[in-house]
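In what follows, a structure is listed as C-alpha cells, so that the remarks can point back to it.
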Amino acid sequence: MRNVRVYGILLFIVLLIVWELVSGAMSELVLPAPSVVVMTLWEGLTTGYLLPHILRTLSEILMGLMIGSFLGFLVGILMGEIPFLRRLLFPYVIASQAVPKLALAPMFILWFGFGMTSKVVITALICFFPLLENTVTSIQYTDSNKRELFRVLGATRWQTLLQLKIPAGLPGIMAGLRVAVVLAVVGAVVGEFIGGSVGLGALIIASQGMMDTPLMFAVLFLLTGIGMLLYQFVNLSEKYLLKRYTKGKNQ
Amino acid sequence: MRNVRVYGILLFIVLLIVWELVSGAMSELVLPAPSVVVMTLWEGLTTGYLLPHILRTLSEILMGLMIGSFLGFLVGILMGEIPFLRRLLFPYVIASQAVPKLALAPMFILWFGFGMTSKVVITALICFFPLLENTVTSIQYTDSNKRELFRVLGATRWQTLLQLKIPAGLPGIMAGLRVAVVLAVVGAVVGEFIGGSVGLGALIIASQGMMDTPLMFAVLFLLTGIGMLLYQFVNLSEKYLLKRYTKGKNQ
Amino acid sequence: MAFLEIDQVTFGYKRETPIITDVSWKINKGEFHSLLGRSGCGKTTLLKLASGLLNPVEGAVYLQKKKVVKPSTAVGFVFQSPTLLEWKNVIDNVLLPITLQKKPNKEEINRAEYLLDLVGLSSYRSCYPEELSGGQQSRVAIARALIKYPTLLFMDEPFAALDAITREELQDDLLRLCQMEKTSVLFVTHDISEAIYLSDQVALMEAGKIIYNLPVDLPKHRTAEMRYQHSFNELCLNVRQKMSGQEI
Amino acid sequence: MAFLEIDQVTFGYKRETPIITDVSWKINKGEFHSLLGRSGCGKTTLLKLASGLLNPVEGAVYLQKKKVVKPSTAVGFVFQSPTLLEWKNVIDNVLLPITLQKKPNKEEINRAEYLLDLVGLSSYRSCYPEELSGGQQSRVAIARALIKYPTLLFMDEPFAALDAITREELQDDLLRLCQMEKTSVLFVTHDISEAIYLSDQVALMEAGKIIYNLPVDLPKHRTAEMRYQHSFNELCLNVRQKMSGQEI
Amino acid sequence: GDESDQASEEKGELERVRVANWSQLISEQTNLLVDEEKGFFQEHGLDVEVIPGVGGGDAIKNVLTGKADIAFTDPGSLFFSLDQGEKLKVIYNIYPQNVFNVVSLKESNITTPKDLKGKTVGVYSLSSGTRQNLLVLLHQAGLTEEDVEIVETGLLNFAPLMQGQVDATAATDTGLYTGKQKGLGEVNVMEVKDYLNFPSDVFVVTEETYETKKELLTKFLAGYRASAAWMIQSPEEAAELAVEYAIDGKNEEDNLEIIKLRNASSISESTEKSGLGTIDEEVLQEAADTYKQLGLIENALDMSEVISNELIPKE
Ligand SMILES: Nc1ncnc2c1ncn2[C@@H]1O[C@H](COP(=O)(O)OP(=O)(O)OP(=O)(O)O)[C@@H](O)[C@H]1O
Ligand SMILES: Nc1ncnc2c1ncn2[C@@H]1O[C@H](COP(=O)(O)OP(=O)(O)OP(=O)(O)O)[C@@H](O)[C@H]1O
Ligand SMILES: Cc1ncc(C[n+]2csc(CCO)c2C)c(N)n1
Ligand SMILES: [Mg+2]
Ligand SMILES: [Mg+2]
C-alpha cells in the first residue's frame, strides 16, 4: 500500500509535467500551465479572496447533500417497501432528474429567491436520485432465508426494514451515497451558475466573463479537492459502519 | 396493479389541473399553462420542427450512454479487482466528476470539436460514475462461501469475475445503470448547452433567448419522456436478465 | 381441540404439483412430536405450513383453536440452515427476537447467557457468525429459538451438524427444558433413534403424506441407557422398516 | 511419500489462538479416510488446509510430492453448506466445474446426468436451487464435486442433511465410484458408523489435534449386513468411547 | 469536425472559413447563415462555417485554439484577451451601435442612471455583456457596483422584473423587444449608447491570421458586408429565410423586428461615411479606458495597435 502512494504521486507528477509542456504551446486563456494555476490558487487562498466563496459553496453542498440524500434514502425506502408508491411516483422522480436544472434555474430563482435556498434545492435534487435508486434496489434484494427468519420472529414491516433490510443493504446504499456526494459538488456549482454572486460557481462564471482562465482552473482544482474530501469522508464512515460486512468483501 | 395505473393517471390529472390554475395567475413567461405547453409540443412534433433536435439528442444520449456505461462498468471491474488501480485512479475519477462540464466547454471543443463528439464525450463522462461506483461495490461484496467454492474449483480471477462476481453483483450494477441512463439525458443536454445549434439542449437555450417558455417546457416534457423510456427499457431488460435473482426480491 | 391442529392441509409451491396432500396432525400441550421422512418428502414444507410461514391451499392450521395465518411470536423456529445475521455477534444474534421489539433487560441477557452456556458456546459470545464452525452456528440458532420461552417449537434438523456427544447432551437438555416449560415441539430429523428418544409420537412422511404414526410409550423421563434397551431398538427398527417400505 | 501428506501443520485464524496444532496425516492413493471429532474441533479447518484453501502457519501439505499452496483442479470438494449458484439450474450447477473453463460436451453432460441420477435428482435437472429441499441441495453439491473425476475428494459432512436410507444408498454409491476411479477421500462426518463403514482409516480430532487413529480392517467390499456385525459395532463403540474421553 | 470536412468536399474548390460565433446561430445573424441560398461568400470562393459558442469569450478562445479563423465577439471579450497579453486584431465593426440598455417598470420611476442607486438590478449572467454595460452606465453616472445590488437572472431576465423581484434589469434591444412581445408592460428604458456608444460586436482575428491570411479575410469581409447590406435592403426576405436557418427563427414577424433592430445597429455616422464595417478607433479606445477605470482590466490598451480598417474592401 505504501507503493500505491509512491506510484500515485509519480503519476501525478508525470501528468503535471505533461500538462505544463502542453500548456506551454497554448494560450493561457485556453489552458493555463499548472504552475500558474497553483500560484493563482495559492494567492487566492492566502489573500483570503477565495475563502468566502469556498465557505458558501461548501455550506450549500453540505446542506443540499444532507437534505437530498436523506430524502433520497427516505423515498427510496418508501418506494422500495411499497410497490404502489414506486409505480406512482417514479415518473415524477425521473422528470426531476431528466430535466436539466440549468434550464429550470430561472424558475428556481422565482420560487426560491436569489439566496442560498435555490442552490441548496438544486444540490438536493441532484443528490437525491443515486441514493433513491440504490436504496430501492438494496432493500429489495435481501436474502430470503433471513426474511423468513424475520417473519417467524413476528417482526413488523418496520422492524424488518430497520433491522434487516437496511443493514443488509448498507453496502449498496453507501455506494449511492458516494455517487451523491460527488454529484453534490456539481449540483452546488451549477446552482451558482445562475443567480449567484458568491460561491465557487459564481466565481467560475465571473472568471469566464473576465477570461481569467487560471482563476477558473484554480476553482476547478478546489472543487476536485472538495469532492475528494467528501468522498473519502463517506469511505471512512463506511469502513466504520460496515466493519461487520467485510464478510463478503475481498480480503 | 391496475389500481396503480388508475391512481397514477388521477394524480397526473390533479397535478395538471393545479398547474393550469397556478399558471393562470402568472405570466406565461414565468410558468406557461400545461395546455399551452402540450399544444406547443404537439405543434412542434407535427410540423417536424422538433424532430431533428430529438433525433440528434437521442443519438447523443445513446452513444454517450453506451460508451460511458461500458467504460464505467469496465473501469469499475478493474478498480474493484485491483485495489492498486482503485487507489491510483480514484482521484482522477473524482476530478472528472466534481468538475462541472460546463466550465470546460472550450476544452471539449478544442479536443473533440464542436460536432457531436464533444456532446457524446460529456454524456459518457456523466454516465460513467454511477456505473463505476456501483460496479466496484457490487463485485466486492460477494458471498464468501461462493468465493471459496470458486477457489476450490481452481477458477482463475477472470473466471471468478465472469461467473461469480458479475452475476452476483448484477442487481447493484443495474441500479447504477438506471441512474446512468437518466443522467445521460442531462449529460447530452448540458453538452448541447456548450455551443450547439442542433439538439434539445440547444433548443432550450434558443427558447430562453426567445423567451419562449412554452417551447422550453415542451422540450423539458420531451426530455422527461426520453428519460422515462430509457429507464423503463433498463427495467425491462433487468427483469429479463435478473429473472433468477428474484430469490432475494420481495414477492 | 388439540394445542396445535393441522387439519387436512394441502399445499403446492406451484399450483399444479401439490407437495403436501391432505395432511392432518395433532399435537397436545407439552408433547414432543417428530417428523421423519426421506429427503424432499415435504417435512420442511409441513413445518412452514404449521408455523404459518406458508399458507395452505386447502385445509387449515389451528393453534390454541385459532386459525394460523401468519407466524405467532409465541413460537420458536429453528431453520434447516442456521440463518444468523452476520453483522451481529453471537449474543446479539441470540437476543435478536427480543431486540426486535425492545432493548433487552438484565434478565433476558441472563437467559441468553444461560442458553449459550447450554449449547456450549459461552466463550464465543462476542464472536461473529463467520468465525464459527458449522455446528457452532446451528447451536446459536437453537439458543435463539429458545430465548423467548416459546410455548411451541418447530425444529428442522437442528442437530444435523453436531457430533454424537454434543447431540446427545443437547437432546437431554432440550427434553428437560421442554418438560420444564411445557413446550410443545414439532421436530424434524433424519436420525430415527433421535426421533424415538425424544418423542411422544413419531410421524413418518412420504411424498407429502403422513403414512405412519407411531406413539412412543417409553418412560417419560429418558435416560442414556434407554438407547441400548431392546424396546428402544425395536421401535427404531419398526420405523426403519416402514421407511424402506417393508411391512413388519 | 504418500498421495496426500499433511506434515506437521499448525494454523490459526488469528495469530494468537492456533486452531490446528501440529497435525500430520497421510492418505495413500485410493484410500478412504474419515475425520471424526466434536463440533468446533477443527475438522473443516483441517480439510481447508489439506485442500490448499487455507495455508498453514507452520508445516506443509504435499499432494503427489508437490507442496500444496492453492487448490488443485484435480480435487473435488463438498462444503459443509451446499453453496449452489442460485442463478443456475441444477444441471448447470453440477456442470459448473466444467463451464468455468469451457462449454461442456456431450460426454460431460451425460456424466452430469448420470451423477444426478445417482443422487436421485434426475427429475429436478431444470429446477433452481431455491426450489430444492435442504437435502436435495446437498446432493447437488455432491454431484458437482464428482463431475470432473477427481483423484482426491474432500467431503465435509456431505450426508448430514439426508435421511438414513438415501444416506446408505449414497454411501454405497460413493464407495463404488471411489474404488472404480481409485479416488482418495478425506471425509468429515459426525456419524461414527458412517465413518467406520466407509473408511480404511478413521482419525479422531480433539481441539485441533489428532488424538486417535483407527485403521479399519473390514473386508474392502462393504455390504449392508456388515453394519450389524459384531466387529463393526465393536469398532464403533471403540471410537465412541475414545470420543467421550473414556479409556477402553 | 467530420461534418464540416464532408461539407467542404461537396463544395469542391471553395476555401473554408470558420467563424466562431458568440451565440448559437440566431435570426439576427441571418445574413451570415444563408450562404447556401444567397451565395454572398460563395461568390468570393468561400465556404463559411459558423461555429456556435457560449459568449464572446468562447469565440475568442476558439480562434486562439485554431478551431476557427474569425471571432464574432464583443469588445469586452476583446479587451479581456488583450489584457492577458493575447495578440489580436479587430478587422470589422459588425454593430457600431451599443445595443445594451437598462429596463425598469414605469411605476418605479427610474429614468436616469442615478436613480439606480440602492436598487436591485438584474443581469443575465455575471459574465455577460449586460453586466459590463450596466457597469459602464453606472460609471457614467458616477456610481459603482457597490451602489446597486446586482443579481443574476438568467436568460429569462424580464420575468423577475415583471414579478417585482428586481427593480431594473440590464438587457439588449432585441431582448427588450422579445420581452415586450411576452407581455412586459409599460417600461422606462435607459440606453447605454446615450452615455457611451461603443460597438456591440466586432470581427476579431489573431495577429498571425491577420498577417498570413489577409486575402482570405478580405474576401470574407467583402462577402459579409454584402450580406449585411442585403439584410438592410430586404429585411422581409431575411426574416423569411431565418425561419429555416436560425434556431430561434420560429416566428417570421419577430424575426423581422429583430432583424430591423440589428440593421439599425449595423450603421452609424462613420459607416454612412466610409461604408459598413468601418471601425471607429476613438470610441473603442474610450471603451477600453472605461473598462480600465472600472477595474475590469488591469492594463491600459492602445487600440490603434489593434484596429485595422485595411482589410475592409473600399466601396
Ligand atoms: N473464519 C474463522 N475465523 C476465526 N475463527 C474461526 C473461523 N472459522 C472457524 N473458526 C474457529 O475454529 C474452530 C474450528 O472450526 P472448524 O470449522 O474447523 O470446526 P469443525 O470441526 O468443522 O466443527 P463443526 O463440526 O461444527 O463443523 C472453531 O472453534 C471456530 O470457532
Ligand atoms: N420454494 C420452492 N419452490 C418449489 N418447490 C419447492 C420449494 N421448496 C421445496 N420445494 C419442493 O418441495 C419438496 C419438499 O421440500 P421440503 O423442503 O419440504 O423437503 P424436506 O422433506 O424438508 O427435505 P429435506 O430432508 O431434504 O430437507 C421437494 O421436492 C422440493 O423440490
Ligand atoms: C448583439 C449582441 N447581443 C448580445 C451579445 C452577447 N454578449 C455581449 S458581451 C458578452 C459577454 C462576453 O461573453 C455577451 C455574451 C453580443 N455579443 N452581441
Ligand atoms: Mg428440509
Ligand atoms: Mg465443520
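The values are calculated or read from the model by the stated rules, or taken from the named source; none is laboratory data. These figures come from a predicted structure and were not determined experimentally. Backbone-built Cβ (ideal geometry, glycine too); neighbour counts: all protein chains shown. Areas reflect the complete protein model, heavy atoms only, side chains present, ligands, DNA and RNA absent. Shrake-Rupley method; radii C 1.70, N 1.55, O 1.52, S 1.80 Å.
Remarks
- Between C:V78 and C:F154, C:M155, C:D156, the built amide H atoms are under 5 Å apart, and every one of these is 5 or more places off in sequence or on another chain.
- Label points for B:E20 are taken 7 Å from Cα along Cα→Cβ. From this copy to the others they lie 6.7 nm apart, shortest first.
- Residue order for B:F112, A:F114, D:F79 - accessible surface, 1.4 angstrom probe, largest first: B:F112, A:F114, D:F79
- C:K66 contributes an accessible area of around 150 Å² to the protein surface, as traced by a 1.4 Å probe with all chains present.
- DSSP H segments from chain E that extend 20 Å or more along their own axis, Cα-based, with Kyte-Doolittle mean of -1.0 or above: E:214-233, E:252-266
- Partners of C:K65 within straight-line reach, counting aspartates and glutamates whose Cα lies under 16 Å from its Cα and excluding those fewer than 8 residues away in the same chain: C:E5, C:D7.
- Over chain C, relative contact order from alpha-carbon pairs under 8 Å, at least 6 apart, %: 26
- Distances between copies of D:M180, taken at a point 7 Å out from Cα along the Cα→Cβ vector and listed shortest first: 5.3 nm.
- Phi-based couplings in Hz for segment E:189-195 (Karplus 6.51, -1.76, 1.60; Gly and Pro marked x): 10, 9, 8, 5, 5, 6, 10
- Normalised by 2.2 N^0.38 Å, where N is the number of residues, the C-alpha radius of gyration of segment D:117-215 stands at 1.14.
- Solvent accessible area, Å² - C:M1, 1.4 Å probe, full protein context: 130
- A Förster distance of 25 Å, applied to the separation of the beta-carbon atoms of D:Q229 and D:M180, puts the FRET efficiency at 0.50.
- Within the accessible area of chain B, the carbon and sulfur atoms contribute 74%, probe 1.4 Å, all protein chains present.
- By accessible area with a 1.4 Å probe, ligands and nucleic acids excluded, highest first: order of C:D191, E:D194: E:D194, C:D191
- Once both labels are positioned 7 Å from their Cα atoms along Cα-to-Cβ, the gap between D:N28 and E:T112 label points is 11.9 nm.
- Cβ-derived FRET efficiency at R0 45 Å, A:T156 paired with D:L237, nearest 0.05: 0.30
- Pairs exceeding a 23 Å alpha-carbon distance, out of E:K219/E:K292; B:K239/D:K88; B:K146/D:K48; A:K119/E:K180: E:K219/E:K292; A:K119/E:K180.
- Folded to 0 to 90 degrees: helix A:200-209 orientation relative to chain A principal axis, Cα: 40
- Net charge in the neighbourhood of C:L116 (other residues with Cβ under 11 Å of its Cβ; Lys, Arg +1, Asp, Glu -1) is +2.
- The rule of thumb for compact globular proteins, 2.2 N^0.38 Å, goes into the C-alpha radius of gyration of the protein assembly as shown 1.18 times.
- By accessible area with a 1.4 Å probe, ligands and nucleic acids excluded, highest first: order of A:L110, B:L21: B:L21, A:L110
- Label spacing, shortest first and in nm, from D:E113 to its equivalents in the remaining copies (7 angstrom along Cα→Cβ): 6.2
- Closest approach to the C/D rotation axis among chain C Cβ atoms, residue and whole-Å value: C:A160, 2
- Rounded to whole Hz, the Karplus (6.51, -1.76, 1.60) HN-Hα couplings of segment E:158-163, x for glycine and proline: 8, 4, x, 5, 5, 7
- For C:I211, the residues whose amide H sits under 5 Å from its own are C:L204, C:M205, C:E206, ignoring neighbours fewer than 5 places away on the same chain, with H placed 1.01 Å from N.
- Mean partner shielding of peptide C:16-28, defined as the number of other chain Cβ atoms within 10 Å of each residue Cβ, is 0.
- Global dimensions of chain A from alpha-carbon coordinates: Rg and Dmax equal 21.8, 72 Å.
- About the centre of its Cα atoms, the protein assembly as shown shows a dipole size close to 7100 debye [charges on the beta carbon of Lys, Arg (+1) and Asp, Glu (-1) only; nearest 20 debye].
- Mean ellipticity per residue at 222 nm, deg cm²/dmol - from DSSP H runs of n ≥ 4 across the protein assembly as shown, formula -39500 (n - 2.57): -17000 deg cm²/dmol
- With all protein chains modelled, accessible area of C:E131 [1.4 Å, Å²]: 80
- Amide H contacts of E:L46: E:E15, each under 5 Å away and 5 or more positions distant or on a separate chain (H built 1.01 Å from N in the peptide plane; Pro and chain starts excluded).
- Kirkwood radius for segment C:79-162, taken over all pairs of different Cα atoms as the inverse mean of 1/r, rounds to 12.6 Å.
- With the simple spin-label model, which puts each label point 7 Å out from Cα in the Cβ direction, the E:D147 to A:F70 separation comes to 4.5 nm.
- Computed on segment A:20-176, with alpha-carbon pairs under 8 angstrom and 6+ residues apart, the relative contact order is 26 percent.
- Diagonalising the gyration tensor over the Cα atoms of chain C and scaling each eigenvalue by 5 before taking the square root yields semi-axes of 29, 23, 17 Å, largest first.
- Scanning chain D for long hydrophobic helices, with DSSP H runs required to stretch 15 angstrom or more by C-alpha along their axis and to average at least -1.0 on the Kyte-Doolittle scale, returns D:106-118, D:134-146, D:164-181, D:230-243.
- 10 Å Cβ neighbours from other chains, averaged over peptide C:156-168: 5
- Inter-chain Cβ neighbour average for residues C:127-133, partner chain, 10 Å: 4
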